[in-house]
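Novice: Encoded as structure tokens, here's the structure I'll be asking about.
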């Protein structure tokens, strides 16, 4: 599936993370039900070499364990819960493996995926294993790959010829000008959206996306600058798309 840039697309950031525990299968399901076109998710590697979906390097914020995720096996991670940090109603939710996510998302053929490889010593291994798994599930055509590390972006482009989303030169680790000759899209933080920045990256032939537009004013700012994809934690202000503010 190719991204149609003639229409505004909405990506659910870590799933519908404003109201459901981030990066859980529940948050992804609710993002789909809310009408998101794309799911954004974060990949890391367990100590036994399996890919799991989790944002932080440390487990503390969502799993209440003050140690790095990379020190735990998948079996150990599955004994933790990542729901109650948001609300006691969600107590018991588990960290999903990427394999579980691939099985979950396969039937939702219209949903695009933004796969973020988190910066770590294992990032290249995560990227290689994730792409192999996505190929096995026939999901590659639905994916854009993201990283805050330009070395990871260079790797996946050079080895797999995939679509990638990067960030501004100020945000991107190991950044060099050559990466902007390879990227498909650049995502601007809301405080980076202005005419100069948008034109700077569009002049390089790149799609310009935005994160995270979580208020009506932020959504309108993105629309005013003709942003083609908005990543959101809070989806109410932007979905369904036919109810959002019109381009001025």
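Please treat every number below as a calculation from the coordinates, not as lab data. Nothing here was measured: the structure is a model prediction, and the numbers come from that model. Note: ideal-geometry Cβ built from the backbone for every residue, glycine included; neighbour counts use all protein chains shown.
Novice: Using Cα-Cα distances under 8 Å and only pairs 6 or more residues apart, what relative contact order does the stretch 50-111 have, in percent?
Specialist: Contact order relative to length: 31 percent.
Novice: Return one number: the angle in degrees, 0 to 90 and rounded to the nearest 10, between the long axis of the Cα atoms of helix 25-34 and the longest principal axis of the Cα atoms of the chain.
Specialist: The two axes meet at around 30 degrees.
Novice: Per residue, what volume in Å³ does the Cα convex hull of the stretch 97-137 take up?
Specialist: Enclosed volume per residue, from the Cα hull, is 66 Å³.
Novice: Pairing the Cα long axis of helix 123-136 with the longest principal axis of the chain, what angle in degrees results, from 0 to 90 and rounded to the nearest 10?
Specialist: 90 degrees
Novice: Give the span of the stretch 44-169's Cα atoms along each principal axis, as three whole-Å numbers ordered largest to smallest.
Specialist: Sorted largest first, the three principal extents are 41, 33, 29 Å.
Novice: Within the chain, what percent of beta bridges assigned by DSSP are antiparallel, to the nearest 5?
Specialist: 15 percent
Novice: Another one. Take the stretch 156-248, drop everything but the C-alpha atoms, weight them equally and run the Debye formula without solvent; then report log10 I(q)/I(0) at 0.11, 0.18, 0.20 Å⁻¹ to two decimals.
Specialist: Values returned for q = 0.11, 0.18, 0.20 Å⁻¹ are -0.33, -0.80, -0.94.
Novice: Also, I was wondering about something else. Pairs of alpha-carbon atoms within less than 8 angstrom and 6+ residues apart define the contacts here; what relative contact order does the stretch 171-231 have, in percent?
Specialist: Once divided by the residue count of the stretch 171-231, the mean separation gives 33 percent.
Novice: Sticking with this one: Evaluate the distance, in nm, between pseudo-label points positioned 7 Å from the Cα of residue 26 and of residue 215 along their respective Cα→Cβ axes.
Specialist: 2.9 nm
Novice: OK, next. Per-residue ellipticity at 222 nm for the chain, helices alone: DSSP H runs ≥ 4 residues times -39500 (n - 2.57), over residue total, nearest 500 deg cm²/dmol?
Specialist: Numbers: 8 runs with 68 residues, N = 248.
Value at 222 nm, helices only: -7500 deg cm²/dmol.
Novice: Given q = 0.08, 0.17 Å⁻¹, what are the Debye log10 I(q)/I(0) values for the chain, with equal point scatterers placed on the Cα positions and solvent ignored?
Specialist: Normalising to I(0) and taking log10 leaves -0.29, -1.36.
Novice: Suppose a student asked you for the relative contact order of the stretch 99-248, using Cα pairs under 8 Å spaced at least 6 residues apart; what percent would you report?
Specialist: 14 percent
Novice: With springs only between Cα atoms under 10 Å, which of 116, 57, 40 fluctuates most in a Gaussian network model of the chain?
Specialist: Highest fluctuation of the listed residues: 57.
Novice: Something else: Mind checking the full-extension length gain between residue 71 and residue 84? Use 0.36 nm per residue of separation minus the Cα-Cα distance, one decimal, nm.
Specialist: 2.5 nm
Novice: Right, here's the next one. How far apart, in nanometres, would the label points at residue 173 and residue 56 be if each is projected 7 angstrom from Cα along the Cα-to-Cβ direction?
Specialist: A separation of 1.7 nm, rounded to one decimal place.
Novice: Quick one: if the Förster radius is 25 Å, what FRET efficiency do residue 197 and residue 138 give, using the C-beta to C-beta distance and rounding to 0.05?
Specialist: Between residue 197 and residue 138 the formula returns 0.10.
Novice: May I pose another question? Rank 159, 225, 37 by mean-square fluctuation in a GNM of the chain with C-alpha springs under 10 angstrom and give only the top-ranked residue.
Specialist: Comparing 159, 225, 37 in a Gaussian network model of the chain, the most mobile one is 159.
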